[in-house]
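Read the structure below first, then the notes.
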Amino acid sequence: MQRSDMERLFYGEIVPGEKYVPQTQDYDDTMELCRTAEMELLGQVQSYAGDLFRDYKTYSKKLTVLQNKECFIQGLALGIRMTSEAFILDERMRV
């Protein structure tokens, strides 16, 4: 049996910050500019500075993933609270 997206999310099969990226031309163009700039930079610097840059890039990516994960968790929690509050208010109004 195939799991729903909600089940896949719950069991960690979907990690939003890693799986989903914008599907726009602007995103693709910006990604290409980043690759070009990185190649040019690495071609201009000494070995140690290049290693330092690659380390920085790795840590920066990890930070972004952690931030996106936390933003997603907090956003989902807020959405759940708001949805449940709407149902609670609806029940109070019927009484």
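Within region 13-27, can one find any residue that is at pLDDT 85 or above, not in a loop (DSSP other than H, G, I, E, B) and not hydroxyl-bearing (Ser, Thr, Tyr)?
Residues of region 13-27 that are at pLDDT 85 or above, as a first pass: 24-27.
So of that shortlist, the ones also not in a loop (DSSP other than H, G, I, E, B) come out as 25-27.
Within this subset, residues satisfying the condition of being not hydroxyl-bearing (Ser, Thr, Tyr) are 25-26.
Within region 13-27 (the criterion being at pLDDT 85 or above, not in a loop (DSSP other than H, G, I, E, B) and not hydroxyl-bearing (Ser, Thr, Tyr)), the answer is yes, since at least one residue qualifies.
Conditions (1) more than 20 Å from Leu9 (Cα to Cα); (2) within 13 Å of the chain's Cα centre (by Cα); (3) hydroxyl-bearing (Ser, Thr, Tyr), marked per residue:
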| residue | (1), (2), (3) |
| --- | --- |
| Ala49 | yes, no, no |
| Tyr56 | yes, no, yes |
| Tyr59 | yes, no, yes |
| Gln67 | no, yes, no |
| Glu70 | no, yes, no |
| Gln74 | no, yes, no |
| Thr83 | no, no, yes |
| Phe87 | yes, no, no |
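Tell me, which residue of region 25-83 that is β-branched (Val, Ile, Thr) and touching a helix residue (DSSP H, G or I) at 6+ places or on another chain (Cβ under 9 Å) is nearest to Asp5 (Cα to Cα)? Before you say what the answer is, go through the steps one by one.
Taking region 25-83 as the starting set, the residues that turn out to be β-branched (Val, Ile, Thr) are 30, 36, 45, 58, 64-65, 73, 80, 83.
Filter once more, so that each one left must be touching a helix residue (DSSP H, G or I) at 6+ places or on another chain (Cβ under 9 Å): 45, 64-65.
Values: Val45: 45, Thr64: 23, Val65: 20 Å.
That would be Val65.
Based on this model, can you work out whether Lys62 counts as open to solvent by 100 Å² or more (accessible area, probe 1.4 Å) and in a helix (DSSP H, G or I)? Before you say what the answer is, go through the steps one by one.
On the way: open to solvent by 100 Å² or more (accessible area, probe 1.4 Å): yes; in a helix (DSSP H, G or I): yes.
For Lys62, the condition - open to solvent by 100 Å² or more (accessible area, probe 1.4 Å) and in a helix (DSSP H, G or I) - is met.
Rundown of residues vs (1) touching a residue at least 12 places away in the same chain (Cβ under 8 Å); (2) open to solvent by 100 Å² or more (accessible area, probe 1.4 Å); (3) not charged (D, E, K, R), yes/no style:
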{"site": "Ser4", "(1), (2), (3)": "no, no, yes"}
{"site": "Leu9", "(1), (2), (3)": "no, no, yes"}
{"site": "Asp26", "(1), (2), (3)": "no, yes, no"}
{"site": "Glu32", "(1), (2), (3)": "no, no, no"}
{"site": "Phe53", "(1), (2), (3)": "yes, no, yes"}
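The values are calculated or read from the model by the stated rules, or taken from the named source; none is laboratory data. Only a predicted model underlies this, so the values are computations on that prediction, with no experimental measurement involved. Virtual Cβ from ideal backbone geometry, glycine too; neighbours counted across all protein chains shown. For accessibility, only protein heavy atoms count, side chains too; no ligands or nucleic acids. Shrake-Rupley method; radii C 1.70, N 1.55, O 1.52, S 1.80 Å.
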